[in-house]
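**Q** The structure under discussion is supplied below as structure tokens; questions concerning it will follow.
All of the numbers you see were taken from the coordinates with simple rules; none came from a lab. Just so it is clear, the structure is predicted and the values come from calculations on it, not from any experiment. Neighbour counts run over all protein chains shown; Cβ positions are idealised from the backbone, glycine included.
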Amino acid sequence: MRGHHDIMTPNFSLLKEQAWQRQGGWAGGTVTALALSPAFPTDGLALAATPAGLFRTEDGGDSWHRAMDGILDAHMTAVAFAPLGGGRMAFVASEQGRLYRSEDGGATWREVSAWAGLGVVTALACSPHFPEDGTLFAATPAGVFRTLDGGASWESCTFGLLDLDVLCLACAPDFPESQVVWAGTAQGGFYRSRNAGRAWRDAGFGLPDTAIQCLLVTQPAQDAAPVLWVGTEGHGLYVSRDGGAHWEAAGQALAHHSVNCLAAVEGGSEGATLRLVAGTDGGVFFSEGSFSEDGGQHWEPADGGAFIALSLAAAQGEPVLLAGAYQEGIFRSRDGGKRWDAAGTGLEAHAPPLVRLGPGGSLWAHDLDGELAFSVDGGRTWRSLPAGEEGAAVQGMAVAVEGDEAILLVATAEGLYLGQAAGQPGAVPWQRLPVPVDPAQIHLPLIAPNLELLVGDQGGRLHRSTDGGQTWQALAVPWTGQGLLNLVLAPDFGHSRGCLAVTAARNRQGNYDVQIWQGTEGGQAWQELLGLETEVPAVAVAWPQDPAHQSRFFATRHRVIRLYRDAESGEMAVSQAFLQEGLQITRLLPSPAYQAARTVLAATSQGVFISTDDGTTWAPLGQGLPACPVVELLPVDTGLLAVTLGGGLWRLG
């Protein structure tokens, strides 16, 4: 079996002045939060938060583009527009704990500096009179925070909260007068505040002891009391008609579902009736009736709603809704939630993803949510593929080539699987392999020549199989108490049996102590090569074919380190170079002809860079690449393929 894939040898240095061309993209991905402009019926403006960035539409959801101007992070967690009268103001939060504010509907963003250090926002709720009172609530795992000046200053509002992990919150329709806010938590608590969050009381009598995942407040008629709806984890939907004091189950059809999100659609000229829409782990459902009395008891599955909706957003005054789905992008309904169709051209939200070359220019990929997909036309179109016997989420993947077949080694929480695929497989015949550790811990599978397999787990352990995965040998490793970040085989592994391992452990300063290890005898013996301190546990590695100098490259943030054998002394030496401040190097790729060309490429958060002098100096490679982090580089034919965050593909040469 050949170790990787047959390619022509591209001369990367000849590509410097060429233009990147869009090749295609892996459409879809997970959308965790949605927000519609209060003027959506006229401006068509909406924002979608994903693990691969923030996306924006101005045509009602037909097309989407990245909206990251001013945003430093990739993983977005919550998004909200200010109510009508607030201009085009919007807020978005990131997994890195930052909060951003936009004054132009999400076209540009500025960080809310006063939020620094307060944590990851899980939900945002604006006062209905935000333009006048500047009040915004933010839910976090550490409780509720409040601003009364549009984000210029914040205060913690946790008095009375017995569970601080807040998942959802909402202001009463008459909040300026009543000062009522509600919050649901991860441990099944539901709380009400009558003084704008300064103090909370438990208001969950009748609710099950499970996570309150979403909260919706409806007002069936202008002068009617608000009705509260909450979606729970595994126990369906509940309703309260007395401000949250008492609750009852709503709808037997949803009783055993996890309800992830809720939305209400106006159903009458005077707002006397509503249609409710619920996104669950079993698809999208809707209910119609008079919700001021006993509505919400009868639910029907929506046509085309067989997707897992994580977020729902309804237009004001129109029966238009958008749904953000798990792994499947965005869907839209034009009839109040009864029928759904895929929308979202341009939305590529697969994070990061990991992409590998297969035979004949085919591509194999998986993302952080565990979706497995392949492309046989260079990335122009993609098809999802179940992984393993149960179709479980993929935690790690390796690809090798045997003739015209792709050999796949896939790790899931259910098991480790070996598969073979040729052409355009409708399905892959998977062989479940015996493994000596909990498969849920495996995240680094590798395929070496002759079908030798290596797997690394989250505890830092390594196992090797020389018989196609039928039996395994535990490899003795010198690192203890460290996580295994990376495992790389020598370019001539079949001959040298060499490999590299990168491990890391958190230190007292909150940074990471990283060790780089040289392995011999297929990983049976190890020697420490380098020790580094980094702010994030990420190290890119490149190991070119370079028998004379034995070069190896390592990158953290914007620094590139070369370890090599000095030609004069014969001793191992270290050199380093720095790309521009603020860059984050994500991948290193040596030229297939490195021994002659001395060329290395770096994928970064701001494009692709090239060095033709062993990593000493660096320059941008190519022109016209979009302002999006590059997460993978693949040599193809006489050119180069760059994979951008989310799954966009661009070709040079």
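**Q** Could you work out how much longer the chain between Q297 and T466 gets when fully extended? Use 0.36 nm per residue separation minus the Cα distance between them, nm to one decimal. If you can, show how the numbers build up before the last one.
**A** Values: separation 169, 0.36 × 169 = 60.84 nm, distance 5.90 nm.
That pair, Q297 and T466, stretches by 54.9 nm at full extension.
**Q** For the chain, take N as its residue count and report Rg(C-alpha) divided by 2.2 N^0.38 Å. Before the final figure, lay out each step's value.
**A** Details: Rg = 26.6 Å, N = 653, 2.2 N^0.38 = 25.8 Å.
In units of the 2.2 N^0.38 Å rule of thumb, it is 1.03.
**Q** I want to check the label-to-label distance for Q18 and Q420. Put each point 7 Å from Cα in the C-beta direction and report it in nm to one decimal.
**A** Between Q18 and Q420, the label points sit 3.5 nm apart.
**Q** Still on this structure, I have one more. Give the distance, in whole Å, between the Cα centre of the range 50-86 and the Cα centre of the range 428-475.
**A** When both Cα centres are located, 40 Å separates them.
**Q** Okay, next question. If the chain between T108 and A476 were fully stretched, how many nm would it gain, using 0.36 nm times the residue separation less the Cα-Cα distance? Don't skip to the end; give the middle numbers.
**A** Working: separation 368, 0.36 × 368 = 132.48 nm, distance 5.15 nm.
Separation in residues times 0.36 nm, less the Cα-Cα distance, equals 127.3 nm.
**Q** Can you give the three extents of the C-alpha atoms in the range 203-267 along their principal axes, from longest to shortest, in whole Å?
**A** For the range 203-267, the Cα extents along the three principal axes come out at 33, 24, 18 Å.
**Q** With each pseudo-label sitting 7 Å past Cα toward Cβ, what's the Q527-F159 distance in nm, one decimal?
**A** According to this spin-label approximation, the distance is 6.5 nm.
**Q** Can you tell which of T345, A422, V144 lies farthest toward the positive end of the dipole of the chain, using +1 and -1 charges on the Cβ of basic and acidic side chains (Lys, Arg; Asp, Glu)?
**A** Of the candidates, A422 comes out farthest on the positive side.
**Q** When only C-alpha pairs under 8 Å and at least 6 residues apart count, what is the relative contact order of the range 204-349, in percent? List each step's numbers first, then the result.
**A** On the way: 397 pairs, mean separation 23.2, N = 146.
That works out to 16 percent.
**Q** To the nearest 20 Debye, how big is the dipole of the range 499-653 about its Cα centre, given +1 on the beta carbon of each Lys and Arg and -1 on that of each Asp and Glu?
**A** Details: 10 positive and 14 negative charges, 79 e Å.
Here the size comes out at about 380 debye.
**Q** Okay, next question. Among M572, S311, M68, which residue has its Cα furthest toward the positive end of the charge dipole of the chain, with +1 on Lys/Arg Cβ and -1 on Asp/Glu Cβ?
**A** M572
**Q** Let me ask something additional. What fraction of the Cα pairs in the range 341-497, stated in percent, has a spacing above 19 angstrom?
**A** Working: 6634 of 12246 pairs.
It works out to 54 percent of all Cα pairs.
**Q** Right, here's the next one. Going by Cα centres, the range 615-643 and the range 400-415 are how many Å apart?
**A** 26 Å
**Q** Which one, V320, C261, F205, projects farthest toward the positive side of the charge dipole computed for the range 204-349 from Cβ point charges (K/R +1, D/E -1)?
**A** V320
**Q** Just subtract the alpha-carbon distance of D43 and D613 from 0.36 nm times their residue separation and send over the number in nm, one decimal.
**A** Values: separation 570, 0.36 × 570 = 205.20 nm, distance 5.17 nm.
Taking D43 through D613 to full extension adds about 200.0 nm, to one decimal.
**Q** Next up: Would you give the gap between the C-alpha center of the range 573-610 and the C-alpha center of the range 207-240, rounded to a whole Å?
**A** Computed from Cα coordinates, the inter-centre distance equals 53 Å.
**Q** Could you tell me which GluC sites (Glu not before Pro) in the range 439-546 are loop residues by DSSP with no more than 15 other beta carbons within 10 angstrom of their beta carbon? Write out the running numbers ahead of the final one.
**A** Details: sites: E452, E521, E528, E533, E535; in loops: E521, E535.
Sparse-neighbourhood loop GluC sites (Glu not before Pro): E521, E535.
**Q** Next up: Kirkwood hydrodynamic radius, computed over distinct alpha-carbon pairs, for the range 204-349: how many Å, to one decimal?
**A** Numbers: mean 1/r = 0.0662 Å⁻¹.
Computed over Cα pairs of the range 204-349, the Kirkwood hydrodynamic radius comes out at 15.1 Å.
**Q** Over the chain, what is the relative contact order in percent, taking alpha-carbon pairs closer than 8 angstrom and at least six residues apart?
**A** On the way: 1956 pairs, mean separation 73.6, N = 653.
Reported as a whole number, the value is 11 percent.
**Q** Moving on to the next point. Between R565 and D369, what is the label-point separation in nm under the 7 Å Cα-to-beta-carbon projection?
**A** 4.8 nm
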